[in-house]
1. Considering the options C171, A124, F88, tell which one lies farthest towards the positive end of the dipole of the chain, charges being +1 on Lys and Arg and -1 on Asp and Glu at the Cβ, about the Cα centre.
2. Just check the chain against the gyration tensor rule for me: Cα atoms, a ≥ b ≥ c as the square roots of the eigenvalues, rounded for a/c under 1.5, and otherwise prolate or oblate depending on whether a/b exceeds b/c.
3. Let me check the size of region 1-128 from its C-alpha atoms; what are the radius of gyration and Dmax in Å?
4. Pairing rule first: another cysteine's C-beta must sit under 4.7 Å. Under that rule, which cysteines of the chain stay single?
5. Between P149, V34, A210, whose Cα lies farthest towards the positive end of the dipole of the chain when Lys and Arg beta carbons carry +1 and Asp and Glu beta carbons carry -1, centred on the Cα centre?
6. Provide Rg and Dmax in Å for region 96-237, with only Cα atoms included in the calculation.
7. For A22 and R35 in the same chain, what is the full-extension length gain: residue separation times 0.36 nm, less their Cα-Cα distance, in nm?
8. Going by the alpha-carbon gyration tensor, a ≥ b ≥ c the square roots of its eigenvalues, is region 63-138 rounded (a/c under 1.5) or, if a/c is not under 1.5, prolate (a/b greater than b/c) versus oblate?
Amino acid sequence: MALPPDIVVLTGAGISRESGLATFRDADGAWARVRLEDVATPEAFARDPAQVHGFYNARRAGLAEPSVVPNAAHLALADLELRWPAAFLLVTQNVDDLHERAGSRRLVHMHGELLRARCVRCDADRPWTGPMDAGTQCPACLLRGGMRPDIVWFGEMPYEMDRISDALARCGLFVAIGTSGNVYPAAGFVAEVRGRAATVELNLEPSEGAALFHEAHHGPATRIVPAYVADLLARWT
Ligand code: APR
């Protein structure tokens, strides 16, 4: 009997949509309301820090809403990690904390986290749940004006790419969930592994990279992710 494959799961904003968090490129997404060039680039932060802080302060506060909780898709992935008899890594593009709150542990936030902050003066980073502005003092170096959301903006290098590349090189199964396949390097992972791993897309509708996946299930994440996880565990455990 074949051995169970190492798994890499990639998630995007679609997995958090049914928890009440907006995606980016859907009709009601974040980039339909504000230009990413104005709030999600280092140039925007240099040009108008107040607008950038305002955008992330609102999203950070939104995470604290009582109605925003992990959904069945987040919980199914935490269960899969716990029960999978081989290596498992969850790489998320999301900056919300719903995977952690669902119980995921082997987790990489390649685009950073809404609930963390970093000082550009001393580079210290830390958990951050409240608002932040240009006058916020860094608790480490005590300087002001250098605090920023610990989010990877367009044009910046995503976090933990070595760890992600290692996991991609070893995986036999790659599952992309709730991502439109528009933003690199994440959108390029499927092409990187498809010659040696089974690739599966779980998404509301076919993504930009749909043709690169060997298998696809389309529908809301809270329905198709638990079903896929149950089927995978039934096949291998
Ligand atoms: N269930 C499953 N998939 C869904 C659902 C749902 N309920 N609702 C939306 N989707 C799908 C959409 O069809 C779309 O393909 O989720 C995807 C969301 O795509 P984007 O809004 O582009 O989000 P994402 O792919 O995560 O964006 C990647 O772009 O803006 C940057 O840094 C930001 O991490 C983000 C990156």
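1. Ranked along the dipole, the leading option is A124.
2. Taking the square roots of the gyration eigenvalues as a ≥ b ≥ c, the chain is prolate.
3. Calculated on Cα positions, Rg and Dmax stand at 16.6, 59 Å.
4. Among the cysteines of the chain, those whose Cβ sits 4.7 Å or more from every other are C171.
5. Of the options given, the answer is P149.
6. Just the Cα atoms of region 96-237 yield Rg and Dmax of 18.3, 55 Å.
7. Answer, rounded to one decimal: 3.2 nm.
8. Oblate, because a/c is 1.5 or more while a/b does not exceed b/c.
Computed from the coordinates by the stated procedures, all read-outs in this text should not be read as laboratory data. Remember, predicted model here, so these are calculated numbers, not experimental data. Don't worry about glycine lacking a Cβ; one is built from the backbone with ideal geometry, like all the others, and counts go over all protein chains shown.
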